[in-house]
């Protein structure tokens, strides 16, 4: 990614290569819903003009990236995965983070497929098709930011953007074997993104390396008065300080996070914990309650957002989303208030844990990528619907807004005999590195440490 | 149908009418299934005694 900044390549030549990669690799995966080559050519030309004039280049000069199709792109309709948005007028400006990526020199090549209205953990979109897993096309990419994870996992672009309400960055990052960052709630502005649940919506990057992830994160930081949830904090760049201090106290989350992790997920946690020197187990006792609270608040807010169109245009919603959304609009207010209390309670418990630990680790998904259309997950001795079950380990964490870097682990990593093509062991599974609020630096430093140790790695299919 | 399933369905039907939805029986049946799932998960937290102080107050700045 740094070849342009180092003068080895032009932005135009990189863009040309990305176009070929899209042509060759995207058709079986279905990552893109729209391409923005005209804009990309303008952005690449602007970088090459700076280059030829010998002027300093911005940090992401010429780096190609793509965004989940809920980010506004000037001149394009923001779909948020929903056909009923296709008749909306085009966006009049870029989303704030897209504008910040542009200012950092990145080159936008397209918009990416997602779960309809971001409601679900698989990207089996009834209108725009299924996004498949780059490591096994019979399996799904996860969701709701499935296109964003798959496009990086396939090596088409080094960086993409997605959103995470209950796990929509962490689950697909886990299933597609890429790095993903869900920052602290309120760290990155959501202005110009199609909302789902205002109380939980986060935006963040996916990348093929920790340095790329941190570079994109740094480029997007900073306050934004137009997003009331966005913290009024100056940017805290971390790219230059990605090293984990000796003595960092790391706890392994047991209880709920162990019970709902299958043997492969447990092995992934074990590998990450071993490499980080973590051996102490701990528990977030309110995890199950926090997940329930996330469910109730999501149902109520998500339903309320879409209620007018559910009344008028019910048939235009996909079958998987519409009945769930309507049910959400019927949730009694007292349930929502209780869920908000639970959220606070779980947050306080987590803050007490962070007096003993600097970082917590847990699997990001309970299982490796399920097959497309698989309706039920078997997790240890329990069955759970796939659409809801894939988020069982991420929902309690986003409910309380903690920053998380998901790192791709290959559970067969130290067992070469099991590491044969086509076997289940070849599939990645992500591990969440969870920090206290505003400690993205620690999450990314731990991720970098695992990457340098060869434990966390992105593998091209 | 059990008494609790019956009262849940009655609630869904009444709430749909109150909110202005007009659905056929198949659609109502789908919504009842989805609301039952929400109710099941809500039951895990509804009876947890929690202090008023743990309730987030929406901030209003005129």
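Annotations
- Scan of region A:1-33 for residues that are loosely packed, with under 15 Cβ neighbours inside 10 Å, in contact (Cβ under 8 Å) with a residue 12 or more places away in the chain and closer than 26 Å to residue A:140 by Cβ, ordered by number: A:28
- Test: residue in region A:216-231 that is closer than 30 Å to residue A:3 by Cα, away from every other protein chain (no Cβ under 14 Å) and in contact with a strand residue (DSSP E or B) (Cβ under 6 Å, 6 or more places away or on another chain): yes
- In region B:16-25, of all residues being facing chain A (nearest Cβ under 8 Å) and under 20 Å from residue A:334 (Cα atoms), the one that is modelled with the lowest pLDDT corresponds to B:19.
- Checking residue B:28 against (1) more than 9 Å from chain A (Cβ to nearest Cβ); (2) part of a loop (DSSP other than H, G, I, E, B); (3) modelled with pLDDT of 95 or more, the condition it does not meet: (2)
- Residue check for residue A:227: closer than 16 Å to residue A:401 by Cβ, in contact with a helix residue (DSSP H, G or I) (Cβ under 9 Å, 6 or more places away or on another chain) and assigned by TED's automatic domain parsing to the domain that holds residue A:145: yes
- Restricting region A:129-142 to residues that are surrounded by fewer than 24 Cβ atoms within 10 Å (Cβ to Cβ) and in contact with a strand residue (DSSP E or B) (Cβ under 8 Å, 6 or more places away or on another chain) leaves a set whose member that is nearest to residue A:62 (Cα to Cα) is A:130.
- Once region B:31-45 is narrowed to residues that are touching a residue at least 12 places away in the same chain (Cβ under 8 Å) and either within 10 Å of the chain's Cα centre (by Cα) or more than 7 Å from every other protein chain (Cβ to nearest Cβ) (or both), the residue that is surrounded by the most Cβ atoms within 10 Å (Cβ to Cβ) is B:35.
- The condition (being without any contact (Cβ under 8 Å) to a residue 24 or more places away in the chain and either closer than 25 Å to residue A:187 by Cβ or surrounded by 23 or more Cβ atoms within 10 Å (Cβ to Cβ) (or both)) is satisfied by just one residue among A:261, A:292, A:268, A:234: A:234.
- In this entry, residue B:13 passes the filter for residues that are without any contact (Cβ under 8 Å) to a residue 40 or more places away in the chain and more than 9 Å from every other protein chain (Cβ to nearest Cβ).
- Residue A:205 vs. criteria within 15 Å of residue A:403 (Cα to Cα), under 12 Å from the mean Cα position of the chain (by Cα), without any contact (Cβ under 8 Å) to a residue 60 or more places away in the chain and crowded, with 24+ Cβ neighbours inside 10 Å: yes
- Single condition residue A:381 does not satisfy, out of (1) over 25 Å from the mean Cα position of the chain (by Cα); (2) modelled with pLDDT under 95; (3) at the interface with chain B (Cβ under 10 Å from one of its Cβ atoms): (3)
- The residues of region A:42-62 that are part of a loop (DSSP other than H, G, I, E, B) and touching a residue at least 24 places away in the same chain (Cβ under 8 Å), listed by number, are A:57, A:58, A:59, A:60, A:61, A:62.
- Being part of a helix (DSSP H, G or I), at the interface with chain B (Cβ under 10 Å from one of its Cβ atoms) and closer than 30 Å to residue A:279 by Cα holds for only one residue in A:307, A:324, A:291, and it is A:291.
- Boolean, residue B:8 is within 26 Å of residue A:290 (Cα to Cα), surrounded by 11 or more Cβ atoms within 10 Å (Cβ to Cβ) and facing chain A (nearest Cβ under 7 Å): no
- Subset of region A:329-342 [more than 7 Å from every other protein chain (Cβ to nearest Cβ) and either out of contact with any helix residue (DSSP H, G or I) (no Cβ under 6 Å at 6 or more places or on another chain) or surrounded by 21 or more Cβ atoms within 10 Å (Cβ to Cβ) (or both)]: A:332, A:333, A:334
The values are calculated or read from the model by the stated rules, or taken from the named source; none is laboratory data. Computed from a predicted model, the values in this text were never measured in an experiment. Note that each Cβ is placed from the backbone with ideal geometry, even for glycine, and that neighbours are counted across all protein chains shown.
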